[in-house]
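Quick notes on the structure that follows.
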């Protein structure tokens with residue numbers, strides 16, 4: 001079997017085995033997500049824990065084999081290794097270190113890394129490719145807005161500190177502490193026990209909440225516009241390709257008619 005055939009099988013584009021492998025990998029990822037949730041149950045029987053552990057070893061073994069096959073068959077290798085999907089595949093198999101080394105089993109980061117495998121569900125998705133293209137088109141605008149949002153968060157945390165520190169020194173004890181209130185207010189999720197009680201603090205909070213709506217709405221509008229433009233460009237390319245194909249067919253027909 002040629003190297004490109006192996007890559008096509010792993011990517012799900014092989015005409016014979018691609019679909020089977022792609023569906024199998026997706027099912028494996030979803031089952032592993034269920035297993036990760038089940039193993040946190042405190043009253044889980046010991047034999048079931050052994051089964052889940054064995055399943056985790058199997059999953060890591062399959063993903064490790066996939067990563068090694070991609071490294072061996074992809075040319076150039078370094079391009080894959082340092083690509084986005086190459087790094088995702090690598091992070092997917094890093095939890096094997098925790099399984100093979102007992103002293104690393106308690107490290108939570110390795111347990112958390114198992115969730116990275118969920119990203120693999122989007123490999124080969126045309127919708128994901130369009131979204132990535134849209135992000136590439138507006139990355140400059142998003143970067144500028146990110147800087148503006150960061151400055152707004154800082155100003156909000158300073159403002160609420162000035163208004164509320166004297167009234168609630170234990171709640172708004174510092175500007176970094178007030179930053180959590182600013183983040184919660186900008187995302188409109190609420191801020192728990194950090195509630196302004198002064199008149200100035202409440203007026204300022206109302207102003208911040210309205211700004212928070214814009215912080216969420218503006219990036220969404222930018223990305224939506226980019227997606228619409230990407231779809232429009234795709235439709236134009238398809239239309240141009242169809243038009244060129246029609247012209248080529250008409251030219252061939254005319255030439256064959258003249259020959260007759």
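Just so it is clear, none of the values below were taken in a lab; they were calculated from the coordinates. This structure is a prediction, so every number in the text was calculated from the model and none was measured. Every residue, glycine as well, gets a Cβ built from its backbone with ideal geometry; the counts of neighbours run over all protein chains shown.
Data table
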| read-out | value |
| --- | --- |
| Peptides 222-230, 154-162 ordered by average Cβ neighbours within 10 Å, highest first | 154-162, 222-230 |
| Extension gain from residue 41 to residue 131, taking 0.36 nm per residue of separation minus the Cα-Cα distance | 28.7 nm |
| 15 Å reach of a label modelled at residue 166, 7 Å along Cα-to-Cβ, counting backbone N of region 200-230 | 200-202 |
| Viscosity 1.567 mPa s, 4 °C: Kirkwood-radius Stokes-Einstein D of region 139-248 over Cα pairs, µm²/s | 79 |
| Segment residue 229-residue 13, length gained on full extension (0.36 nm per residue, minus Cα span) | 75.0 nm |
| Contour excess over end-to-end distance, with Cα ends at residue 118 and residue 34 and 0.36 nm allotted per residue | 29.1 nm |
| Highest average packing first - 179-186, 76-83, Cβ atoms within 10 Å | 179-186, 76-83 |
| Point-to-point label distance, residue 27-residue 83, nm (Cα→Cβ direction, 7 Å offset) | 2.7 |
